[in-house]
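> Just dropping this structure here.
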């Protein structure tokens, strides 16, 4: 191939232009093909190297000038070529094949169809049939080059490409020699016109990604449904593949956010497999970690109470805690502060349920917080619980606060009673902490009861969420340590991917 030189191209183009004007285009033709066009081609390929291999299949409508077709083929270098020509333009196919090395040496297969330029339906059928043939049993990226041919052919090719959802490429020029009625050598440029369906679909998919990252999974799902309906019957391949993957992915994370672990796992596994197969640009490493987390969470046995589940599988209980925490984090980031508080409260409550369900038999365990058997616990532990509750009750009265429970033995253990019992037992999550720390903990979690979503009329503040988050993170870490599990590692596995 000739090496590109801007100076040489200018010189050869000027000589050719002068010859064409003085002796006529026909006499200057040989000089153009031998001296000028190789430099035009070298410049064109240098400027459009990014297109090489972008399309596996290329359909081209032929006009009366073969040069732009040659330039398009050399720039794209497809693995399949289909010429659409007329009686008038058939003669140029030979020249095109002679100029394009990979066609000349038969390293790339090509075929052709003759059409009537005045019959657009014939061209529609030709493009559609070839696309269907190329796409049979595989996914292929292809484009239509409608640079050549009469206006009716150019328009029909564009309409067919639009319907099928494939790109259009067009070899244009920046300067035109009016007297010679040809583009100025070296001013040729290639324009890619993405399919409108694909372009609009990609814009909407950006909105999907933004909504997903903001934790608005339901809105993201609705937009995906809209895009799917718009592309129904169309074969917009690149955006269509991304749409398929995102549809599975968003639905999987939406279900996970609603704690439907088994269904979410099925969706994410499918999305991950499709993303790898279609080579969709996603963080598959994080998705793989999320799938691993869901495989743990979906182990939840059916027809079994929460008490029995966390009693028999402590590590599963820790993962539930982490999942609740991460769910609360997502709500807080999305601006749903009250929802975040409620979930963090539930998280702290589950800490007590998990630890008590795994209490040794020697201490009266396991304890079901829905139905604690006080007579099975050591007398000194029960007495300590009553004394602590009485002291907390007096302190609450002194501060003008309502105590969460009177100093008695309740028939069920909520968050406060559960943690008071753990404190009385000297459980590892409370070991080494003072009575003042217990009082401050109870005082801080009491704010949840004042929320509009619970019993009051207040809204959660960011400072309230921070305090709840710090408590939850501290206790989950301690719970994880009891099973030799690493809190940071589990949290990473449960943190949703960013799109």
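The values are calculated or read from the model by the stated rules, or taken from the named source; none is laboratory data. Just so it is clear, the structure is predicted and the values come from calculations on it, not from any experiment. Don't worry about glycine lacking a Cβ; one is built from the backbone with ideal geometry, like all the others, and counts go over all protein chains shown.
> Has region 396-403 got at least one residue that is out of contact with any strand residue (DSSP E or B) (no Cβ under 8 Å at 6 or more places or on another chain), closer than 27 Å to residue 470 by Cα, assigned to a helix (DSSP H, G or I) and at pLDDT 90 or above?
No, there is no match, as no residue in region 396-403 is out of contact with any strand residue (DSSP E or B) (no Cβ under 8 Å at 6 or more places or on another chain), closer than 27 Å to residue 470 by Cα, assigned to a helix (DSSP H, G or I) and at pLDDT 90 or above.
> Taking only region 152-167 into account, find how many residues are under 9 Å from residue 123 (Cβ atoms) and crowded, with 21+ Cβ neighbours inside 10 Å.
Number satisfying all stated conditions: 4.
> How many residues are in contact with a helix residue (DSSP H, G or I) (Cβ under 6 Å, 6 or more places away or on another chain) and under 22 Å from residue 420 (Cβ atoms) when one looks only at region 326-342?
1
> In region 13-31, what count of residues is obtained for those that are free of Cβ contacts under 8 Å to residues at least 40 places away in the same chain and either surrounded by 14 or more Cβ atoms within 10 Å (Cβ to Cβ) or on the phi < 0 side of the Ramachandran plot (or both)? Show your work before the answer.
Let us first name the residues in region 13-31 that are free of Cβ contacts under 8 Å to residues at least 40 places away in the same chain, namely 14-15, 18-19, 22-24, 26-31.
Subset that is either surrounded by 14 or more Cβ atoms within 10 Å (Cβ to Cβ) or on the phi < 0 side of the Ramachandran plot (or both): 14-15, 18-19, 22-23, 26-31.
Of the residues in region 13-31, 12 are free of Cβ contacts under 8 Å to residues at least 40 places away in the same chain and either surrounded by 14 or more Cβ atoms within 10 Å (Cβ to Cβ) or on the phi < 0 side of the Ramachandran plot (or both).
> OK, next. Report whether or not residue 285 is under 23 Å from the mean Cα position of the chain (by Cα) and over 26 Å from residue 465 (Cα atoms).
Working: under 23 Å from the mean Cα position of the chain (by Cα): yes; over 26 Å from residue 465 (Cα atoms): yes.
Considered against the rule, which asks whether it is under 23 Å from the mean Cα position of the chain (by Cα) and over 26 Å from residue 465 (Cα atoms), residue 285 comes out as yes.
> How many residues are surrounded by 17 or more Cβ atoms within 10 Å (Cβ to Cβ) and in contact with a strand residue (DSSP E or B) (Cβ under 9 Å, 6 or more places away or on another chain) when one looks only at region 42-53?
Residues that pass the stated criteria total 4.
> Hey, could you check region 141-160 for residues that are over 27 Å from residue 277 (Cα atoms), outside any loop (DSSP other than H, G, I, E, B) and touching a helix residue (DSSP H, G or I) at 6+ places or on another chain (Cβ under 9 Å) and say which is modelled with the highest pLDDT?
The selected residue is 145.
> Across region 106-135, what is the number of residues that are more than 24 Å from residue 152 (Cβ to Cβ) and in a loop (DSSP other than H, G, I, E, B)?
3
> Next up: With the checklist (1) modelled with pLDDT of 95 or more; (2) crowded, with 16+ Cβ neighbours inside 10 Å in hand, flag the one item residue 336 doesn't pass.
That leaves (1) as the condition not met.
> While we're looking at this one, here's another question. Would you confirm, using the coordinates I've provided, whether residue 138 is over 27 Å from residue 44 (Cα atoms) and not in a loop (DSSP other than H, G, I, E, B)?
no
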